[in-house]
Amino acid sequence: MEKKNGIKLFGGLILLVVIVTLLLSIFYSTAFISSCILMSSLFLFVVCYYIKDNNKSLMYILFVIGIILIFVSLGYTFMRLL
């Protein structure tokens, strides 16, 4: 049971970081967009780990979306460098 509480806490912290980086990318600089996308994928991986025993098909869908978000973040970063 304590493991689930730790996962909830970590997920909440990651969600807070996602919201902060999203606000920074909207109001301050677009350089934070790739960080926001990476943190969103990390949040999806936390959700996957939390629901791994309950719903396997949803877990795999969220995992694939997280992988796609990582590639989108890398592509965005490379496009900003050019």
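Restricting attention to the range 36-61, which residues are in contact (Cβ under 8 Å) with a residue 24 or more places away in the chain and not aromatic (Phe, Trp, Tyr)?
Residues of the range 36-61 that are in contact (Cβ under 8 Å) with a residue 24 or more places away in the chain, as a first pass: 37-44, 46-47, 49-50.
Within the range 36-61, ILE37, LEU38, MET39, SER40, SER41, LEU42, LEU44, VAL46, VAL47 meet the criteria.
Filter the range 1-11 for residues that are touching a helix residue (DSSP H, G or I) at 6+ places or on another chain (Cβ under 9 Å) and either outside any helix (DSSP H, G or I) or within 20 Å of ILE68 (Cα to Cα) (or both) and give the result.
GLY11
What are the residue pairs meeting all of these: first residue in the range 2-25, first residue without any contact (Cβ under 8 Å) to a residue 60 or more places away in the chain and more than 18 Å from LYS52 (Cα to Cα), second residue surrounded by 14 or more Cβ atoms within 10 Å (Cβ to Cβ) and β-branched (Val, Ile, Thr), Cβ atoms under 7 Å, and 6 or more apart or on different chains?
Once the first residue is without any contact (Cβ under 8 Å) to a residue 60 or more places away in the chain and more than 18 Å from LYS52 (Cα to Cα) and sits in the range 2-25, its partners that are surrounded by 14 or more Cβ atoms within 10 Å (Cβ to Cβ) and β-branched (Val, Ile, Thr) give ILE14/VAL46; SER25/ILE33.
Residues checked against (1) modelled with pLDDT of 85 or more; (2) buried (at least 19 other Cβ atoms within 10 Å of the Cβ); (3) not small (Gly, Ala, Ser):
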site	(1), (2), (3)
LYS8	no, no, yes
GLY11	no, no, no
LEU15	yes, no, yes
VAL18	yes, yes, yes
THR21	yes, yes, yes
LEU24	yes, no, yes
TYR28	yes, no, yes
ILE37	yes, yes, yes
SER41	yes, yes, no
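Looking at GLY75, is it more than 11 Å from the chain's Cα centre (by Cα), free of Cβ contacts under 8 Å to residues at least 40 places away in the same chain and in a helix (DSSP H, G or I)?
yes
Run down ILE33, ILE26, ILE14 and say which single residue is under 9 Å from the mean Cα position of the chain (by Cα) and either farther than 21 Å from GLY75 by Cβ or part of a helix (DSSP H, G or I) (or both).
ILE14
The values are calculated or read from the model by the stated rules, or taken from the named source; none is laboratory data. Source: prediction; values computed, not measured. Cβ: placed from backbone, ideal geometry, glycine included. Neighbour counts: every protein chain shown.
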